[in-house]
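Okay, so here's the structure we're looking at.
The values are calculated or read from the model by the stated rules, or taken from the named source; none is laboratory data. Since we're looking at a predicted model, the values are computed, not measured. All Cβ positions, even for glycine, are placed from backbone atoms using ideal geometry, and neighbour counts span all protein chains on display. The area values use the complete protein model at the heavy-atom level, side chains included, leaving out ligands, DNA and RNA. Shrake-Rupley method; radii C 1.70, N 1.55, O 1.52, S 1.80 Å.
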Amino acid sequence: MDGQAFVSKRIATPDGIRPGAIIVRDGGRDDVRDGARDGKISGIVHADQVPADTEVRDFGESMILPGLVDSHVHINDPGRAEWEGFETATRAAAAGGYTTLVDMPLNCLPPTATVAALAAKREAAAGRCWVDWLAWGGVVSDNQAEIEALGAAGVPGFKCFLIHPGIDGFTMVTEAELRAALPHVARTGLPLLVHAELPGPVDQATQRLRDADWRRYSTHLQSRPEEAELAAIRLLLSLCRQYKFRLHIVHLSASSALAELCAARAEGLPVSVETCPHYLHFCAEEIPDGATLCKCAPPIRSRDNRERLWQGLKDRIIDLVATDHSPCPPEMKRLDEGSFKTAWGGIASLSLALPVIWTEASRRGFALTDLTRWMCEEPARLAGCSARKGRIAEGFDADFVIFEPEAEFVVTKDRLHYRHPVSPYLGEKLRGVVKATYLRGQLVFRDGEFFDEARGREIQR
C-alpha cells in the first residue's frame, strides 16, 4: 500500500468542517526513526479522488479533528514519577485525543531550570511516551545565567511563579529577580509563561482567615482573592512594555482581568492568555465543602465569573484552553479530612478535557472549529511547533482524533488512564467521545485500548 487515506464526512480543517479524505504519506527516509515512518499529510481530496493502492480508513460520520496540543501539563518525571510519569501521562493524553504535551518545569526532581536538568528530563522520557512532547524551561530565583542556554538547548519557552508554587525545589521569583531574568528571556525571543498571583493579597487574606473553617470551599476561595491575579497581571504588563518580551498568562481564573488584557492587546503588547477546563466547567456555588478534588490555584470562582471567561474566549481575549493537568497521590488530596488548607492544589484532566470543553461549549453555541483553535492551533503556536502540529493541512504531522461529538458517557475511573484515578469529574455525564487517536499516522488508542508501542518523541523547536 502506498500511504493511507483517512476518510470522513466531517473533517475539521483550517477552512471549516468538510467531507473528504486526508492523504497521509511517509515523510521520507529522513523521517524514519525507531523503526517507524513518520506520517505527514500530503493533501485533502474528495473521497472519490483517493489514489489507487492507498489503504483507506473510512470513519463515516465520526469527526476527524487535529491531534490536540496541551501546553500546560505537569508530568513530574523524573523524581516524582509516583505522582505521574511519562508513560501514564502520555497514555492518558492519547485516550483524551492529545498528541502533543508540553511539560512544566516544576514538580520533577531536578526542576527543569538548567541544561543538565533538561538532559535528565530527556533521559526519563526516552522510549516511554505514547504521544509527542516538549518541555518548558524554568525561571527561578537564581538561574538567570542558565536562561539563554536553556533556549539554545531547545526549550520552547520558560515558566515562572510570582508566588510560592506550593512545592519545594522550584522557587518563586520576586520582582527584582524577574527583572534580572527578563533581558535574558527577551534575547531568546521565546515566551515567558507566568503563574500570575502576587503573594501580598494572598498572605493578607490568609491572615484574616486564620481561624476560619478550612473544610469550607468559601474559605479556600477567599484565601486566593482576585486582587492577587489582577495585581500580578498589571505588574507583568508593565514589565512586558519595558522589556519587550513575549508574555503568556497561564490558567486565568479572574475574569475581572479581561478588560486590561484586552487593552494591552490593543496597545500591541505581545500577550497571550489561557484558561482551563475546570474554570469553564465548575463554579464555586456548586462545590461542596470538603470537596478537595476541586482545589486548585487560582481557585474556581463564581458562576458569573465562569460565564465571563466564556465571553473572553468568544471575544478572543483568551487564546487557548490548557488542562494544567496536575496529579498527585490520592492521600495528598486529604480526602478523609477534607481540608482545603492542607490538600494539594491541582486537577488532573488529560483524558477528559476535550469532552468537558465540548459539553460546555456546545451549550453556548460554539462550534468544534472553535475548540480546534483553542486546543490545537493556539497551544501549538505558543509552544513553537505550529508548523507541524495543531492543524489538518498539507505538510503537517498526521495527528488525528476520531471524535463522536453527539455521543455521551458517564465518567468512570477506567476512562482516566493517568496514574491515580481520582477526579472531580467522576460520575458526570459528558458529551463527546474520543474513539481513536493517531500519532503521525499510527494508531495509538482506540475504544479504551492502546496499540503499537510508545513511539512518542520530543518535538524540536
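Based on what the data block shows, is Ala254 closer than 23 Å to Lys341 by Cα, of a type in the set (A, V, I, L, M, F, W, C) and surrounded by fewer than 23 Cβ atoms within 10 Å (Cβ to Cβ)? Full working, then the answer.
Details: closer than 23 Å to Lys341 by Cα: yes; of a type in the set (A, V, I, L, M, F, W, C): yes; surrounded by fewer than 23 Cβ atoms within 10 Å (Cβ to Cβ): no.
Judged against the criteria, Ala254 is not a match.
Would you check which residues across the range 332-390 are more than 17 Å from the chain's Cα centre (by Cα), open to solvent by 10 Å² or more (accessible area, probe 1.4 Å) and closer than 20 Å to Thr292 by Cα and list them?
Met332, Arg334, Leu335, Asp336, Glu337, Ser339, Lys341, Thr342, Trp344
For the range 89-140, enumerate the residues that are surrounded by 24 or more Cβ atoms within 10 Å (Cβ to Cβ), of a type in the set (Ser, Thr, Tyr) and either at pLDDT below 95 or not in a helix (DSSP H, G or I) (or both).
Tyr98, Thr99, Thr100, Thr112
Go over the candidates Arg461, Arg431 one by one and state the one that is touching a residue at least 60 places away in the same chain (Cβ under 8 Å), open to solvent by 60 Å² or more (accessible area, probe 1.4 Å) and either part of a strand (DSSP E or B) or of a type in the set (Phe, Trp, Tyr) (or both).
On the way: Arg461 fails: either part of a strand (DSSP E or B) or of a type in the set (Phe, Trp, Tyr) (or both).
Sole residue among the options that is touching a residue at least 60 places away in the same chain (Cβ under 8 Å), open to solvent by 60 Å² or more (accessible area, probe 1.4 Å) and either part of a strand (DSSP E or B) or of a type in the set (Phe, Trp, Tyr) (or both): Arg431.
Between a residue in the range 237-248 that is without any contact (Cβ under 8 Å) to a residue 40 or more places away in the chain and any residue that is part of a loop (DSSP other than H, G, I, E, B) and open to solvent by less than 50 Å² (accessible area, probe 1.4 Å), which pairs come within a Cβ distance under 9 Å, given they are 6 or more apart or on different chains?
Going by the 9 Å Cβ cut-off, the qualifying pairs are Leu237/Leu269; Cys240/Leu269; Arg241/Leu269.
May I ask you to say which residue of Ala176, Ala205, Ala231 is under 25 Å from the mean Cα position of the chain (by Cα) and in a helix (DSSP H, G or I)? Walk me through how you get there before you give the answer.
Working: Ala176 fails: under 25 Å from the mean Cα position of the chain (by Cα); Ala205 fails: under 25 Å from the mean Cα position of the chain (by Cα).
Being under 25 Å from the mean Cα position of the chain (by Cα) and in a helix (DSSP H, G or I) holds for just one of Ala176, Ala205, Ala231, which is Ala231.
Among (1) at pLDDT 95 or above; (2) open to solvent by 10 Å² or more (accessible area, probe 1.4 Å); (3) farther than 14 Å from His325 by Cα, there is one condition Leu65 misses while meeting the rest; what is its number?
Unmet for Leu65, out of (1) at pLDDT 95 or above; (2) open to solvent by 10 Å² or more (accessible area, probe 1.4 Å); (3) farther than 14 Å from His325 by Cα: (2).
Give just the number: which of (1) under 22 Å from Val102 (Cβ atoms); (2) of a type outside the set (D, E, K, R); (3) touching a residue at least 60 places away in the same chain (Cβ under 8 Å); (4) outside any strand (DSSP E or B) does Ser386 not satisfy?
That leaves (3) as the condition not met.
I'm trying to understand the selection: among the residues of the range 238-247, which are open to solvent by less than 10 Å² (accessible area, probe 1.4 Å) and touching a helix residue (DSSP H, G or I) at 6+ places or on another chain (Cβ under 6 Å)?
Within the range 238-247, the first condition is being open to solvent by less than 10 Å² (accessible area, probe 1.4 Å), and the residues that meet it are 239-240, 245, 247.
Hits for the range 238-247 are Phe245, Leu247.
Any residue at all in the range 168-185 that is open to solvent by 10 Å² or more (accessible area, probe 1.4 Å) and modelled with pLDDT under 95?
So the first thing to find is which residues in the range 168-185 are open to solvent by 10 Å² or more (accessible area, probe 1.4 Å), and the list is 168-169, 171-172, 174-177, 179-180, 183-184.
If we keep only those that are modelled with pLDDT under 95 too, we end up with 168-169.
Checked the range 168-185: at least one residue is open to solvent by 10 Å² or more (accessible area, probe 1.4 Å) and modelled with pLDDT under 95.
Looking only at the range 394-409, which residues are within 22 Å of the chain's Cα centre (by Cα) and not in a strand (DSSP E or B)? Even if it seems obvious, please write down each step before you answer.
The initial filter retains those residues of the range 394-409 that are within 22 Å of the chain's Cα centre (by Cα), namely 396-405.
Residues satisfying the conditions are Phe396, Ala398, Asp399.
Quick one: which of Leu439, Leu426, Leu443, Leu416 is of a type in the set (A, V, I, L, M, F, W, C), under 15 Å from Ala95 (Cβ atoms) and without any contact (Cβ under 8 Å) to a residue 60 or more places away in the chain? Before the answer, list the steps.
Numbers: Leu439 fails: without any contact (Cβ under 8 Å) to a residue 60 or more places away in the chain; Leu426 fails: under 15 Å from Ala95 (Cβ atoms); Leu416 fails: without any contact (Cβ under 8 Å) to a residue 60 or more places away in the chain.
After applying the criteria, what remains is Leu443.
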